[in-house]
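Beneath this line is the structure, given in structure tokens, with notes to follow.
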Amino acid sequence: MRFLLRRLLRALLMLLGVSLLCFAFTQMAPGSFFDEMRLNPQISPETIATLRAHYGLNRPVPIRYAHWMLSLAKGDFGYCIAYNSPVGPLLWTRAKNTLLLTATATILTWLIAVPLGVWSASSRRRLADRFIGASSSLMISVPEIVVAVALLAVAVRWRLVLVGGMVSLGFDDLSLWGKVRDLFLHMLLPISILLLGGIGVVERHVRASVSEILDTPYMNAARSLGIGRMRLLFRHALPVAANPVISLFGFFLAGLLGASLLVEVVTGWPGLGPLILEATLSRDLYVVIAATMLSAILMIAGNFLADLLLIASDPRIRDGEAHAQ
Amino acid sequence: MRNKTAMCVLMIALVLVHLALLFAGFFAPYDPAAQNRDLSYAPPTRIHFVGSTGFHWGPFTYGMVKDFDGYREDQSQQIPLRLFAKGDSYTLLWVFHCKTHFFGADRPARLQLFGADAYGRDEFSRLLYGGQISLAAGLVATLITLAVATIIGTVSGYYGKWIDEMLMGSAELFLALPWFYFLVGVRAFLPLHVSPKETFLLLIIVIGVIGWARPARLIRGIVLSARTRNYVVAARAFGGSDFYLLRRHILPETFAVLIPQATLLIPQYIAAEATLSFFGLGISEPVPSWGNMLSTLQQYNVLVSYSWLLAPAGALVITSVMYWRLADRLHYWLQSH
Amino acid sequence: MATETIKANHSPLLRVCGLTKHYWTSGRVWRKRTLFTAVDDISFELSHGKTLGLVGSSGCGKSSLARCVTRLEGADAGEIWLEGVDIARLNSRELLPYRSQIQMIFQDPATAMNPRMTAAEIVQEPLLIQRRGTSAERQARTAELMREVGLSPDWMNRRITEFSGGQRQRMAIARALSLQPKLLVLDEAFTGLDLSTQAQIANLLLDLQATHSLTYILISHDLSLVARIADEIAVMSAGKIIELGPVRQIISTPTHPVTQSLVTSHHGFRVQHAAAGGFA
């Protein structure tokens, strides 16, 4: 329980820190912010004046921060000039798409990589182990951008999957099954790119943890007692290997979010990635801040989830507090 | 023993690659910025040994002529390849003016080993010059990260208490952020259109500074444990100052961590520069970098028809894989010591 | 508690008054940290040329006391008078000239010396730090010191990993002697050496003591060793000195139960209880 509270506190502190950091960015040359807006003929001087007053640029910094946080809490993330709409709703749709992509990619990656890693570490067949190991190393070494562009080229040349965007034209007219199928076909390319990048990392980590566990004295003792291989693996080795593997989750999420940005832009998937890129190129800085904050929140939430998993799986952490007394 | 030879081979290969890129002017047959609208999207020039007059020892090529919807070779004139040919002038190592290139061919042939891009610029030459930029970005950004990480990690580990808590807390914060999103975010706030030199500097500073957290934690761990070692305590008993203790006893311990970290960071930073330049947030035209050379592939017709423009991707893969393999081997080697 | 002043011919080299050192256990932000007193109001005196043995079970505060006296750590209260100067109050710059007077020999010579350095570099290090002499002079002094502790100067350029435990301890002693200290604190310096090596080092220390009129504080949990080398003995328990006196007297007639159990656990000693059983 204590562990949970501590982790929750840490997550909240990190959220605070991220918000402070993003706020610091908004304060970086705020004048030039609006100067750039002034150059944009689509925005009238009156709008700029209202926005300036709205963001209270004349008040001291802590008040500005409080004001900003309040408006965030109300759901007011600022205004996006390019799309001519408030940032909030824009962000939501995009965030949902990114969530769909990243959640699916996460589940699939771990579903494939963990058994692969465990099998590779525990099986006796050296050749398969080395093959898997080499493939993982290769997958890690190739930069995501290359994987993305290469797979895109392959997909486009050979018309294997539907490329571009999330849905086809006339999506709404399709039946439920048709919709699912359409979505699935569009997801194939981005998911494949993400999988190629992610499986290698996770598999290597899992394999390393499991082989380390399998080599320990107590595993050898269990083996000499005649406990069967399957039971050894699932009952004795894996629960211990779970801890370092779950701890990987945070770093994995960070890498995945970064990769998803790339993949979304390259494949045209309408997520947070293309949004933040367009916003950067068109100097829509409120959008950038909001998108960055959102991605940070996603990560912190994901990390917290991993902490929960850790508590559930590792009895040492649950009992740790009791012993510390 | 095998591990050691593998490491040496990799290191030598990497050094050779870096040297080749350093002398890009010499190995590239053409000026990377020289446009040639007649040869827009020309395919790679083919090298022949057998021509109308039979087999030749020296390789030769033909000129390219624009055809119906592509290019064909103009077989009327056989133009031999030369070693150490005279070509466009360039500056070797930014100091010496030279005109000799490693290989080349006379006009009207244009020896474009990897074809030409939209403006008719030689892709191979751009690859070499672009490599300079991309690799330099990776290396310098790594240096910046490690420098910042060493300073912060050392201060944190050596002085401890609230400084340590504060610095490591912010490190956790930085680690909690999705690195790449943050990179784009920070880049967004910096001026978009500046001179290529400033862009380069900006880019490497941003990439370098953001990545300080993980190596800083490692260094802090080392400094922390080294600080309590008895020989450090004894040296203090002899009257050694903080500076002496750090210089003589503590910092040398960090090298064992800094070098593997460097081999891990360099390929990641090269990839980061490539990705940012791909999106138009990094090095901008006309300066070539492997990233911005790949950005033309965002156009459908380019992606489908002109596959030679994927050359920078190949270059990225080769350098990246070599660095990662080196990092792996280094890791094994250090573990067994 | 009564401090027994040892009658000396001249004023003492070291006088410790009311030395106290606390440690805070690492706690959480919302939990109070508990105070652990390692050294609790300790006072004693030490005359020139004598050897004080400091014994007690693990955790009684011997090492903490040693580190406070050698100013490797700062004490929280009390005075440390070294030949008329209270070194407990000095800051690091003022302390510098006095650093050479007290030196410490650690328990594990392997960790007390940087494995990347050669023997010569290790022995010279104090001279280098204190900037005494030129490089050539330091080399000469190193050779001289090594000979004194029984090591051959031919081994000057070897790394310490090539030396045995006993040789390393000799090197540590040579290093400590380089600044010509008056007081050497030996913190479990014999633990980890085999018996014959212990005897050799013990003899070396006794010879050095005679040659250079050194004063020793010998910390050990090995009572027999202390009995051989020390003149006086102080028994510590839970941060306090519970018995202090000449070595023969304390060992033959221990008055405190802790001392008694210490003595009885070392076979070879026979305890003669004081008259009315128990302690005075």
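The values are calculated or read from the model by the stated rules, or taken from the named source; none is laboratory data. Quick caveat: nothing in here was measured; it's all calculated off a predicted structure. All Cβ positions, even for glycine, are placed from backbone atoms using ideal geometry, and neighbour counts span all protein chains on display. Note: areas computed on protein heavy atoms with side chains; ligands, DNA, RNA excluded. Shrake-Rupley method; radii C 1.70, N 1.55, O 1.52, S 1.80 Å.
Some values worked out for this structure:
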quantity: Percentage, to the nearest whole number, of Cα pairs in the protein assembly as shown over 47 Å apart; calculated: 46
quantity: Chain C - mean residue ellipticity at 222 nm from DSSP helices (-39,500 (n - 2.57) per run, n ≥ 4, rounded to 500); calculated: -10000 deg cm²/dmol
quantity: Of B:K161/C:K240; A:K96/B:K197; C:K62/C:K182; B:K66/B:K197, pairs whose Cα-Cα distance is over 27 Å; calculated: B:K161/C:K240; A:K96/B:K197; B:K66/B:K197
quantity: Highest-MSF residue in chain B out of B:H249, B:H56, B:H18 [GNM, Cα springs under 10 Å]; calculated: B:H56
quantity: In the A-B interface, the accessible area buried, summed over both sides, Å² (probe 1.4 Å); calculated: 4000
quantity: Accessible area (Å², 1.4 Å probe, nearest 10) - C:C68; calculated: 0
quantity: Partner chain coverage, peptide B:271-280 - average Cβ within 10 angstrom; calculated: 5
quantity: Neighbouring partner chain Cβ atoms per residue of A:268-280, average, 10 Å criterion; calculated: 2
quantity: Net +/- balance of residues flanking B:H97 in space, Cβ distance below 15 Å, scoring K and R +1, D and E -1; calculated: 0
quantity: Span from the the stretch B:63-93 Cα centroid across to the the stretch C:36-55 one, whole angstrom; calculated: 90
quantity: Cross-link partners of B:K86 among aspartates and glutamates (Cα-Cα below 16 Å; sequence separation of 8 or more within a chain); calculated: B:D31, B:D106
quantity: Total accessible surface hidden between B and C, rounded to 100 Å², 1.4 Å probe; calculated: 1700
quantity: Antiparallel DSSP beta bridges within the protein assembly as shown, as percent of all bridges there, nearest 5; calculated: 70
quantity: Within 10 Å of each Cβ in A:293-300, the average number of Cβ atoms from other chains; calculated: 4
quantity: Net +/- balance of residues flanking A:A254 in space, Cβ distance below 14 Å, scoring K and R +1, D and E -1; calculated: -1
quantity: Sulfur and carbon atoms: percent of accessible area, the protein assembly as shown [1.4 Å]; calculated: 62
quantity: Under 5 Å, built H, 5+ apart or other chain: amide partners of C:E243; calculated: C:V235
